[in-house]
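These notes concern the structure reproduced below.
The values are calculated or read from the model by the stated rules, or taken from the named source; none is laboratory data. None of these values were measured; they are calculated from a predicted model. With ideal geometry, Cβ positions are generated from the backbone for all residues, glycine too; neighbour counts draw on all protein chains shown.
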Amino acid sequence: MKILAIDDQKLILLSLEKKLSDLGYDIVTANTGKEGMALYDKLKPDLVIVDINLPKMSGLDIIKYIKSSAISTAKVMVMSGNTEEETVLKGFDLGIDDYMKKPVTLNEVVARVKKLIGSPVIHSPSKDSSQVNGLIREKCIGVVIPCYNEEDRLLSDEFTNYVYANLGYHLCFVNDGSTDDTLKVLTELSKGREDYISVYNCEKNGGKAEAVRQGVLHLAKNSELDYIGFLDADLSTDFADFDDLVKTIESTNYKIVSGSRITRMGANINKESTRQLISLTINFIIQKILGMKFKDTQCGAKIIDREVIPILFTNKFITRWLFDVEMFLRMKKYYGDSAKKMICEQPLKRWVHADGSKLSMKDSLKIVFQLTKIASYYK
């Protein structure tokens, strides 16, 4: 049974291709409408799975092309993040057989495929295939994870489990000139998962700011990624909270959504008391410099619209740790007072200070002097 899948998101196509081929279907994929129609004419598939929002050519045009053929017997299934009623109805008017709205799980896709064209006649699905049930998202997300001497703290299973469960995510680990076996651990972590997990190696230690900057610019070369964010390697902010930040930026006009470790009812925010006192003092100074009432600029979890990546990351930051403040100042310098409406501070449900944090108490005290440097530079 032949299936043609047309979607401009390669991360989604890779997952869909693996799942359906493991189940015994003969599946080919295309990234553009033009390529998809050429493959359709050549292969005459039993089923076409197509996205609506394709570049240069709408999925509706492809449907019209397929359904207008007098000899076409192919079933057509739409899988799209476009949920407008007019579009859905237009699809059915053109003769589609099913319409799936992203996000949707792979298992649901398989169930709908089987209903339309049946199961392969002779095939025994692998155990791994039956266990994989990732969520196909509407947007693709890149996440930079800076690492310096993290060989003993990397929670490899949590990272791999997450990318398998959330299709459309790509994790980029940046080795910031580690002196231990971090690079070896990261290389092993990405082995066989290169489509979902990559490693960017910085030979010399440049600090977190430069590691994040290099990682973001590296991911920005991938035009599929709609948003790019960063997360601490110790997962003091977990993936559940990070996913909430993503949902916010997907459903609003914000350009940056920043996690905030504000202590509030119902949240598990665990900080060392001394660090908390210093943080409050530093935050007061930061608010004065920014002219914005941020409660917590330094949380290591943020998601950013790729549109503002050049504004934020083209030039090097002048500090190793306070690049978050510099990011907001760059937004303010570029957009003026409008920047305040483009940045959202979202409280986390959970944040735990991890043992072995690279930011020492001595470093915390130096921050005050670095803030003076930032205020002078961006004035």
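At-a-glance table
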{"item": "Qualifying residue in segment 6-19 (condition: out of contact with any Leu (no Cβ under 6 Å at 6 or more places or on another chain), more than 22 Å from Y196 (Cβ to Cβ) and surrounded by 18 or more Cβ atoms within 10 Å (Cβ to Cβ))", "result": "no"}
{"item": "Tally of residues being within 17 Å of E210 (Cβ to Cβ) and of a type outside the set (S, T, N, Q) across segment 289-303", "result": "2"}
{"item": "Positions within segment 244-263 being among the hydroxyl-bearing types (S, T, Y) and free of Cβ contacts under 8 Å to residues at least 12 places away in the same chain, in sequence order", "result": "S251, T263"}
{"item": "Pick from segment 304-342, criterion assigned to a helix (DSSP H, G or I) and acidic (D, E), ranking: modelled with the lowest pLDDT", "result": "D337"}
